[in-house]
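Values in this text are rule-based calculations from the coordinates and carry no lab data. Remember, it's a predicted structure, so these values are computed and weren't measured experimentally. Glycine also receives a Cβ, built like all others from the backbone with ideal geometry; neighbour counts cover every protein chain displayed.
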Amino acid sequence: MTDKKYRPRRSCLYMPASNKRALEKAKSLPADTIIFDLEDAVAPDAKEEARDNACTALQSGEYGDRELVVRVNAMDTPWFAQDLKQACLSQADAVLVPKILNADDIIQITDFMEDRDASLDTQLWAMIEMPEAILKLGEIAALAGQQRLTTFVMGFNDLAKEMRADHDRAIFGPIMTQTVIAARAYGLNVIDSVYNDFNDPDGLAAECAEAKKLGFDGKSLIHPAQIEIANRIFAPDADEIAAAEKIIKAFADPINAGKGVIVVEGKMTELLHLKQAKQLVATAQAIGMLTE
Ligand code: COA
Ligand code: MG
């Protein structure tokens, strides 16, 4: 299963599914994706209640076009099987599984999902947050297409803990690049990790800008105040759209018919740039920045 239809994932907002106020609030927040968390943000005593809340939310039909994802508990916990089953039965758009280690984990999870209902459309998203998963990015990503896997989500809080490293963004740069390369090699989407200091908009904006430059589709978020920033930074800006439109127009000009390389605004422009330009305009269209 591949994720054929493009949808924006600039802002992927986590919320503890035990927090009913947050679940209610999310119905009117402009996040592209809502992630109902059953894992780290939910205390052991509240796990069952959180699962029930998430299922009720999924079935309510009150979240509009937002993509709805459930982050289940890890495979080695007593909650995993029920979390996965209930999320699929409630027709989540995706289940996000934490602490993925290797390709076998993906195969096991997908088998479990197929056993429940082979016809369901629920995608599998994988948290990339364990050292073993970083070593095995290629084998995990290679399962895209044959399995339900469509998306990687970085988890640097856990990764820093597992590496016994400081939570310093500079440390994660090479890992971010490796993850984007693995994801793109096999057609996966890729979402950056969270920014914990939700009262620091400038710090968040800097991380979003860095992630966008590295090729990420969007950022995981933890607070409503972070949504507008991610939406703005991961959307193409007006200059990018104008430049893309110029390239499309130039290649459409009859004097350039059949050419593989032309000059636009003084720069060498090849067919690959035309493809990129069309993709950017399609993204802007999907986000509602263009009317046609
Ligand atoms: N999703 C939806 N609504 C949220 C939200 C979220 N992630 N975080 C806060 N809100 C809501 C609050 O419920 C509150 O709503 P109200 O105006 O109806 O009362 C409003 O936004 C303002 O919240 P605020 O008081 O600034 O934050 P807080 O102190 O209540 O919560 C956190 C701070 C960090 C505990 C909270 O944002 C949170 O739980 N974030 C998600 C954590 C998570 O899921 N982690 C797992 C992935 S790392
Ligand atoms: Mg975690």
Least to most buried among Phe234, Phe36, by other C-beta atoms within 10 Å and fewest first, runs Phe234, Phe36
Give a residue-ordered list of calculated ³J(HN,Hα) values for region 202-208 (Karplus: 6.51 cos²θ - 1.76 cosθ + 1.60, θ = phi - 60°; whole Hz; x for Gly, Pro). 5, x, 5, 4, 5, 5, 4
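For a test of the definition: using alpha carbon positions, the gyration tensor, and the 1.5 limit on a/c, classify region 1-123 as rounded, prolate or oblate.
Details: a/c = 1.63, a/b = 1.16, b/c = 1.41.
Cα axes put region 1-123 in the oblate bin.
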State whether region 4-234 is rounded, prolate or oblate according to the following rule on the C-alpha gyration tensor (a ≥ b ≥ c being the square roots of its eigenvalues): a/c under 1.5 gives rounded; otherwise a/b larger than b/c gives prolate, and the remaining case gives oblate. rounded
Among the aspartates and glutamates, which fall within straight-line cross-link reach of Lys246, defined as a Cα-Cα distance under 17 Å, with same-chain neighbours fewer than 8 residues apart omitted? Asp237, Glu265, Glu270, Glu292
Count the lysine pairs in region 3-133 that are 8 or more places apart or on different chains: how many have C-alpha atoms under 20 angstrom apart? 4
Nearest-20 debye value, the chain charge dipole, Cβ charges on Lys, Arg, Asp, Glu: 840
Among Val97, Met15, Leu272, the residue whose Cα sits farthest towards the positive end of the charge dipole of the chain (+1 at Cβ of Lys and Arg, -1 at Cβ of Asp and Glu, taken about the Cα centre) is Leu272
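If you stretched the chain out fully between Leu135 and Ala242, how much longer would it get, using 0.36 nm times the residue separation minus the C-alpha to C-alpha distance? Please report the intermediate quantities before stating the final value.
On the way: separation 107, 0.36 × 107 = 38.52 nm, distance 4.01 nm.
So the chain would gain 34.5 nm between Leu135 and Ala242.
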Could you give the longest part of the chain that holds none of the trypsin sites (Lys or Arg not before Pro) found in DSSP loops with at most 12 neighbouring Cβ atoms within 10 Å? 6-163
Using alpha carbons only, how many degrees (0 to 90, rounded to 10) separate the axis of helix 80-89 from the longest principal axis of the chain? 60
Projecting each Cα onto the charge dipole of the chain (Lys/Arg +1, Asp/Glu -1 at the beta carbon, about the Cα centre), which of Tyr195, Val180, Thr56 comes out farthest on the positive side? Val180
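Order by neighbour count: Leu13, Leu23, Leu135, fewest other Cβ atoms within 10 Å first, most last.
Details: Leu13 27, Leu23 22, Leu135 13.
By the 10 Å Cβ count, ascending, the order reads Leu135, Leu23, Leu13.
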Beta bridge orientation in the chain: antiparallel %, DSSP, nearest 5: 10
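What FRET efficiency comes out for Lys259 versus Ala170 if R0 is 35 angstrom and r is the Cβ-Cβ distance? Round to the nearest 0.05.
Values: r = 43 Å, r/R0 = 1.23.
My answer for the efficiency is 0.20.
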Hey, what do the phi angles of region 247-255 turn into as Karplus ³J(HN,Hα) couplings, whole Hz, using 6.51/-1.76/1.60 and θ = phi - 60°, x for Gly and Pro? 5, 4, 5, 5, 5, 7, 5, x, 5
